[in-house]
């Protein structure tokens, strides 16, 4: 049983983990600039937040590798960016 739990944990780490955001988390404060809509915002070089209005809903972590930078296209985040995103509390667009 413990071995299965460990394997699941390692698989999640390898694939990148998405987790619900705690609104008291400092990572979540003032990062979602829009008042309405569902959209993604890069919050670090290797992660992005899914926002609903100005409230974060979910965090997505990418692998820490040069070809896995956060990128936002059409308001949707992914880990396929080849260049670091701009991180100035605005949407990273390409």
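The values are calculated or read from the model by the stated rules, or taken from the named source; none is laboratory data. All values reported here derive from a predicted model rather than from experimental measurement. When we count neighbours, we look across all protein chains shown, and the Cβ atoms used for this are built from the backbone with ideal geometry, even at glycine.
What are the residues in region 52-70 that are in contact with a helix residue (DSSP H, G or I) (Cβ under 6 Å, 6 or more places away or on another chain) and assigned to a loop (DSSP other than H, G, I, E, B), if any? Residues satisfying the conditions do not exist here. Based on what the data block shows, is residue 21 touching a helix residue (DSSP H, G or I) at 6+ places or on another chain (Cβ under 8 Å) and modelled with pLDDT under 60? Answer is yes for this residue.
For region 59-79, enumerate the residues that are exposed (fewer than 15 other Cβ atoms within 10 Å of the Cβ) and touching a residue at least 40 places away in the same chain (Cβ under 8 Å).
63
At pLDDT 90 or above and under 19 Å from residue 79 (Cβ atoms): is that true of residue 64 in this structure? No: the conditions fail for residue 64.
Using the structure shown, decide if residue 36 is more than 13 Å from the chain's Cα centre (by Cα), exposed (fewer than 12 other Cβ atoms within 10 Å of the Cβ) and at pLDDT 70 or above. Yes.
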